[in-house]
Ligand code: S3P
């Protein structure tokens with residue numbers, strides 16, 4: 001039996017993948033979205049950590065970013081075969097050409113777009129992000145924003161996540177999916 005047939009009541013026939021920079025709210029909003037739609041939720045970074053038996057910070061420091069990206073692509077490829085679900089992607093996944101191609105083939109993608117102040121406010125709460133542990137985090141984030149914008153724009157839908165509550169962002173995603181005819 002296919003994954004899709006296993007969830008006959010699902011309002012969507014494929015994974016919903018949330019795209020965007022660190023601090024955009026992908027994990028929190030994704031969890032709420034999954035609950036609202038009765039879908040399973042996966043956080044790609046947590047799945048990578050589980051597969052590697054190491055934290056993201058440790059994977060970067062022990063093996064480097066390139067190895068992290070390889071592991072990330074493999075884990076995401078597996079999650080994309082889970083059928084209808086919500087996947088919170090790490091901020092760099094959709095900026096990686098090979099990983100983005102896989103995601104675009106199998107999921108409906110939503111870019112949670114937020115301004116720099118909102119992102120910095122949210123990431124300042126944790127020190128779990130290796131890319132922000134060296135240098136000036138605000139400058140690093142601004143650079144990533146400029147560098148990744150063209151990739152993020154390739155998401156199927158864009159939802160403004162600036163300053164909005166996670167609940168409001170979740171509802172905006174549901175409305176955008178309905179408007180696009182992807183969610184019944
Ligand atoms: C990264 C974002 C992180 C994590 C890793 C690299 C990035 O995920 O995958 O630290 O390149 O933007 P979040 O976006 O969930 O913080």
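Computed from the coordinates by the stated procedures, all read-outs in this text should not be read as laboratory data. Since the model is a prediction, treat every value here as computed from it, not as a measurement. Methodologically, a virtual Cβ is constructed for each residue, glycine included, from the backbone with ideal geometry; neighbour enumeration extends over all protein chains shown.
Any idea how far apart residue 121 and residue 11 come out in nm if each label point goes 7 Å out from Cα toward Cβ?
2.8 nm
Taking 0.36 nm per residue of sequence separation and subtracting the Cα-Cα distance, how much length would be gained by fully extending the chain between residue 74 and residue 149, in nm to one decimal? Kindly include the intermediate steps, with their values, before the conclusion.
Values: separation 75, 0.36 × 75 = 27.00 nm, distance 2.35 nm.
Extra length from residue 74 to residue 149 when fully extended: 24.7 nm.
Based on the Kirkwood radius over alpha-carbon pairs, what value in µm²/s does the Stokes-Einstein equation return for the translational diffusion coefficient of the stretch 34-143 at 37 °C and 0.692 mPa s? Numbers along the way, then the final one.
Working: Rh = 15.1 Å.
Estimated diffusion coefficient is 218 µm²/s.
For helix 97-106, report the angle its Cα long axis makes with the longest principal axis of the Cα atoms of the chain; keep it between 0 and 90° and round to the nearest 10°.
20 degrees
Sorted by average packing, counted as other Cβ atoms within 10 angstrom per residue and highest first, what order do 154-167, 171-184 take? If you can, show how the numbers build up before the last one.
Values: 154-167: 17.2, 171-184: 15.2.
Result, highest mean Cβ count within 10 Å first: 154-167, 171-184.
Going 7 Å from the Cα of residue 168 in the Cα-to-Cβ direction, what parts of the stretch 100-115 have a backbone nitrogen less than 18 Å from that spot?
Within reach of a label on residue 168, which here means backbone N under 18 Å from a point 7 Å along Cα→Cβ, the stretch 100-115 contributes 112-115.
Which value in deg cm²/dmol, rounded to the nearest 500, describes the helix-derived mean residue ellipticity at 222 nm for the chain, given -39,500 (n - 2.57) per DSSP H run of n ≥ 4 and division by the residue count? Walk me through the numbers before you get to the answer.
Details: 8 runs with 92 residues, N = 184.
Mean residue ellipticity at 222 nm (helix-derived): -15500 deg cm²/dmol.
Looking at the chain, what % of its DSSP beta bridges pair antiparallel, to the nearest 5? Spell out each step's value before the answer.
Details: 0 of 15 bridges.
The antiparallel proportion sits near 0 percent.
How high is the relative contact order of the chain? Use alpha-carbon pairs under 8 Å, at least six apart in sequence, and give a whole percent.
On the way: 272 pairs, mean separation 59.6, N = 184.
Reported as a whole number, the value is 32 percent.
Mind pulling the angle between the C-alpha long axis of helix 166-179 and the longest principal axis of the chain? Nearest 10 degrees, somewhere in 0 to 90.
50 degrees
If R0 is 45 Å, what FRET efficiency do you get for residue 35 and residue 63 from their C-beta distance, rounded to 0.05?
Details: r = 34 Å, r/R0 = 0.75.
Computed FRET efficiency for residue 35 and residue 63: 0.85.
FRET efficiency for residue 53 and residue 140, Cβ-Cβ distance as r, R0 = 25 Å, nearest 0.05? Mind dumping the intermediate values first?
Numbers: r = 27 Å, r/R0 = 1.09.
Taking R0 as 25 Å, the efficiency between residue 53 and residue 140 is 0.35.
Return the distance in nm (one decimal) between the two label points of a simple spin-label model at residue 104 and residue 133, each offset 7 Å from Cα along Cα→Cβ.
3.3 nm
Ranked highest first by average number of other Cβ atoms within 10 Å, how do 101-107, 139-145 line up?
On the way: 101-107: 16.9, 139-145: 15.3.
Result, highest mean Cβ count within 10 Å first: 101-107, 139-145.
From the convex hull of the Cα coordinates of the chain, what is the mean projected area in square nanometres?
Values: hull surface 39.9 nm².
One quarter of the hull surface, i.e. the mean projection, equals 10.0 nm².
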